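Working notes, structure below.
Nothing in this text is a laboratory measurement; each read-out follows from the coordinates by a stated rule. A quick note: this is a predicted structure, and the numbers were derived from the prediction, not measured. Neighbour counts run over all protein chains shown; Cβ positions are idealised from the backbone, glycine included.
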Amino acid sequence: MAKRLSEKVALVTGGASGFGKATADLFKKEGAKVYISDINEENGKKASKELGVTFIYHDVTKREDWISVIDAIKAQSSGLNVLVNNAGIGFMADIEATTEEEWELVHKVDLDSVFLGCKYAIPLMRESGNGSIVNISSISGIVAGHNFAAYNSAKAAVRHLTKSVALHCARSTNLVRCNSVHPVFAQTEMMKAFFENPNEELVSKIERQIPVRKLVTVEDVANSILFLASDESKMITGSELIIDGGLSAM
């Protein structure tokens, strides 16, 4: 049976851990040539060795890093078919408690990086004949919370930026699709950015708020990203895939 990403070249940002690492692992198993990028060089190299993928150091907030990463992929693989804009940070504070510096940092990492990724990857994806961009947003981009001011704002903006990119690509007839993924909380390193001590009691409390009574796993999210990256979703663009166990239906 043919693998779902056979002969495709993929870049997963924030690929050293969490959703990014799980996605890179699944992509590799499904036949893709995988590049992971991360600002954490030590963990990036470990993940590269463990998964058998190529690691590139990358600060996703820097224009020059994006240009360098895309150039490196073009030189090594001659094309790019899949971009997963996964790198991001978590932050929890209400509007009055959020400093201007914190606001700017969250938007720089969680939103501006997605803009840069789409902007600089699309030309190479166009040259490659087709492509799929998957932007990792959050359920916080759909449902607001009183203490997620900056995070809600950035992740909601990713959702609409995704739609704008999708429409641009469709009008340009360049066969590049763009969709967003919106997971609820998962037990990853990111969770520690929201909660100082994400112990069993806290996890249980969060699970009780989700209709299916459990958190998503990194594998749940990776499988959803794989679907959007593959040709199985060739008629899906400008959409959001919500992975929240029914939370947003309430």
List the chymotrypsin sites (Phe, Trp or Tyr not before Pro) in segment 155-250 that DSSP assigns to loop (not H, G, I, E or B) and whose Cβ has at most 16 other Cβ atoms within 10 Å. Which are they?
Phe195
Expected max-MSF residue from Asp65, Asp38, Asp25 in the GNM of the chain (alpha carbon, under 10 Å) is Asp65
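Pairs of Cα atoms under 8 Å, at least six residues apart: use those to get the relative contact order of the chain, whole percent. Don't jump to the answer; show the numbers that get you there.
Working: 507 pairs, mean separation 49.0, N = 250.
Relative contact order of the chain: 20 percent.
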What angle, in degrees between 0 and 90 and rounded to the nearest 10, separates the Cα long axis of helix 41-51 from the longest principal axis of the Cα atoms of the chain?
70
Plugging the Kirkwood radius over Cα pairs into Stokes-Einstein for segment 1-116, at a temperature of 37 °C and a viscosity of 0.692 mPa s, what D comes out in µm²/s?
222
By average C-beta atoms within 10 angstrom, highest first, the peptides 39-51, 142-154
142-154, 39-51
Which log10 I(q)/I(0) values, to two decimals, does segment 1-60 give at q = 0.14, 0.27, 0.29 Å⁻¹ under the Debye formula with one point per Cα?
-0.31, -1.01, -1.14
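With a 10 Å radius around each residue's Cβ, average the other Cβ atoms per peptide and rank 30-36, 159-165, 203-209, highest first. Walk me through the intermediate numbers first.
Details: 30-36: 23.4, 159-165: 18.3, 203-209: 12.6.
In decreasing order of mean packing, 30-36, 159-165, 203-209 become 30-36, 159-165, 203-209.
Can you give the Kirkwood hydrodynamic radius of the chain from its Cα pairs, in Å with one decimal?
Details: mean 1/r = 0.0552 Å⁻¹.
Answer for the chain: a Kirkwood hydrodynamic radius of 18.1 Å.
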How far is helix 149-171 tilted, in degrees, relative to the longest principal axis of the Cα atoms in the chain, given as a value from 0 to 90 rounded to the nearest 10?
30
C-alpha long axis of helix 113-127 to longest principal axis of the chain, angle in °:
20
Segment 104-242, Kirkwood Rh and Cα Rg, ratio Rg/Rh at 1.01
